[in-house]
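The values are calculated or read from the model by the stated rules, or taken from the named source; none is laboratory data. Please read these numbers as outputs of a predicted model, since none were measured by experiment. Glycine gets a Cβ as well: all are built from the backbone with ideal geometry, and neighbour counts include every protein chain shown. Ligands, DNA and RNA are excluded from the accessible area calculation, which covers all protein heavy atoms including side chains. Shrake-Rupley method; radii C 1.70, N 1.55, O 1.52, S 1.80 Å.
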Amino acid sequence: MSGTGGAISHPCGALAGKARAPGDKSVSHRALMLAGVAVGETRIDKLLEGEDVLATAAALRALGVEIERIEPGCWRVHGRGVGGLTEPEDVLDMGNSGTAARLLLGLLATHKLTATLTGDASLRSRPMRRVSEPLSRFGAAFHGRTGGQLPLTVVGADVPVPIRYELPVASAQVKSAVLLAGLNTPGETVVVEPMPTRDHTERMLRHFGACVQQEEGGVVRLTGEPELTARPISVPGDISSAAFPLVAAAILPDSCVTVTGVGLNPGRIGLLETLREMGAALAVANERVEGGEPVGDITVTWSPLAAVDVPPERVPGMIDEFPILAVAATFAEGTTRMSGLGELRVKESDRLGVMAAGLAACGVEVRESADTLEVDGGRPRGGVQIESRLDHRIAMAFMVLGMGAREAVQIDDITPVATSFPNFVGLMNGLGAALEA
Ligand code: S3P
């Protein structure tokens, strides 16, 4: 992705109102992919129509899946059945999306075909050995550059063999890539995770009729070669997107904001726990289950925030929320300490380094190590331009910071925001922000 669409976030007053978060990005990718290998027609409602998900849809079409957009958010996928994807004619461009690339490599690793995946400059710099290594054990071969990043060619296994894989890092993407490879593999594929991560893949596989067992000790077992049957899916709102208006309400005095229909997967709610510990007035109402995922409406009413220590075991449950948590920390009394953050260095940008540098430029006292971040509270000065570095969450985090800073914050390029939250500026301004795109 490229572009020169800058933005200015002006300091603003209290936020008020109700909004719906865009569809969950993780669930949207999985919905398209699993519908693509189910038998029959799957209707998906409230799909996130962000660029990352559109890249997944385009790749699946190139692999022979019929996909139709019926109306905004409502899509129909005519699946080809497990093992039914066909060889693409051209390179598959996964844009900015690590999830799309890694999960698709998993699916393709056990199809008898050859495909080449690439992506934008951010995605081409991200580690892929974490998936190519376990996927090779199924019998797939990978050809690419030194370092193993995209562009990467996968030659799918002719006769896949099931594996048992202990994840060296807590990663839902790697776990999912292995499980998706296990679909077109006879026998039982087993993944063991060191810490619990989001289990959207496991839930959705069961939704489509696969046998997936989650056991004590982080063991996940999938019985291979299931017949997946098309079933409707309603995509919950993305808690990682809802986090931006909710934190904005938590830092701007006298605000009260409700975000409705937010997914509350147990592997995604670490930010809510942390904000509560900081003293945020946060209420969850109307809790229900939609398409196998827990969902609720979240209201944040402003109250003063205090610093906290975020323990490393909470990191997987809020892995994408550290940029916005670091912003919340700048408005809290005291020093917030976050540890176990090594994985942040290999996200869409080096989020640990980029947040530390951006906050320091805004006048915040920060200290960074290889995998920790300390942020001193005190209203930030702002008055600078931040580079978003092809990272949607960096762009949104600094726009929220600008709303509460003393002086406006400028972002060089907010076009990456379209990967996950296409209506971010409109939604935030509707609640009372003063964002100028
Ligand atoms: C995701 C898992 C996380 C997260 C990413 C989405 C997923 O990545 O950061 O935005 O959909 O499985 P890792 O698995 O690399 O931690």
Near Gly64, within a Cβ-to-Cβ distance under 10 Å, what is the net charge of the other residues, with Lys and Arg +1 and Asp and Glu -1?
0
Between Arg379 and Thr114, 0.36 nm times their residue separation minus their Cα-Cα distance comes to what?
90.1 nm
Mean residue ellipticity (222 nm) of the chain, computed from DSSP H runs ≥ 4 via -39,500 (n - 2.57), nearest 500
-8500 deg cm²/dmol
Three principal axis extents, largest first, for the C-alpha atoms of the chain, in Å?
61, 45, 44
Determine, for the chain, the count of lysine pairs separated by eight or more sequence positions (or lying on different chains) whose alpha-carbon distance falls under 21 Å.
5
HN-Hα J in Hz across the range 236-246 - Karplus 6.51, -1.76, 1.60, θ = phi - 60°, x for Gly and Pro
x, x, 8, 4, 6, 8, 4, 3, 6, x, 5
Residue span Arg76 to His10: 0.36 nm per residue of separation minus Cα-Cα distance leaves a gain in nm of 19.7 nm
Assigned charges on the beta-carbon of Lys, Arg, Asp, Glu; the range 221-308 dipole about Cα centre (debye)
80
At 25 °C and 0.890 mPa s, grab the translational diffusion coefficient of the range 66-192 from Stokes-Einstein with a Kirkwood Rh over Cα pairs, rounded to a whole number in µm² per second.
164
Compactness of the range 150-227 - radius of gyration and Dmax, Cα, Å:
12.4, 37
Over its alpha-carbon atoms, the range 242-329 yields an Rg and a Dmax in Å of 12.5, 36
What is the set of long-range amide H partners of Ile386 at a cut-off below 5 Å, with H atoms built 1.01 Å from backbone N?
Gln410, Ile411, Asp412
Compute the accessible area per residue over the range 78-218, keeping the other protein chains in place, probe 1.4 Å, unit Å².
37
So, by mean Cβ neighbours within 10 angstrom, what's the order for 87-95, 108-116, 139-147, 320-328 with the highest one leading?
320-328, 108-116, 87-95, 139-147
Per-residue HN-Hα couplings for the range 307-313, Karplus 6.51 cos²θ - 1.76 cosθ + 1.60 at θ = phi - 60°, whole Hz, x for Gly and Pro?
5, 9, 9, 9, x, x, 5
Using alpha carbons only, how many angstrom separate the centre of the range 102-119 from the centre of the range 49-80?
17
Can you give the charge dipole size of the chain about its Cα centre, rounded to the nearest 20 debye, using +1 on the beta carbon of Lys and Arg and -1 on the beta carbon of Asp and Glu?
280
Using a cut-off of 15 Å between beta-carbons, work out the net charge of the residues near Ala280 (Lys and Arg +1, Asp and Glu -1, Ala280 not included).
-4
With x for Gly and Pro, the residue-by-residue ³J(HN,Hα) of the range 401-416, computed from phi through the Karplus equation 6.51 cos²θ - 1.76 cosθ + 1.60 at θ = phi - 60° and given in whole Hz, is 4, x, 5, x, 7, 6, 10, 4, 10, 9, 10, 5, 7, 9, 4, x
What length, rounded to one decimal in nm, is gained on full extension from Val161 through to Arg337, with 0.36 nm per residue of separation minus their alpha-carbon distance?
58.9 nm
Which value, in Å², gives the accessible area per residue of the range 232-326 when a 1.4 Å probe is used on the protein heavy atoms?
29
So what is log10(I(q)/I(0)) for the range 314-437 at q = 0.10, 0.15 1/Å, when the Debye sum runs over its Cα atoms only?
-0.27, -0.63
Of the heavy-atom accessible surface of the chain (probe 1.4 angstrom), what whole percent is carbon and sulfur?
49
Take the Cα of Arg276, step 7 Å along the line toward its Cβ, and report every residue of the range 228-242 whose backbone nitrogen sits under 18 Å from that point.
239-240
Write down the accessible area per residue of the range 345-418 in Å², having rolled a 1.4 Å probe over the full set of protein chains.
34
Ranking by accessible area, most exposed first, for Ile8, Ile251 with a 1.4 Å probe:
Ile8, Ile251
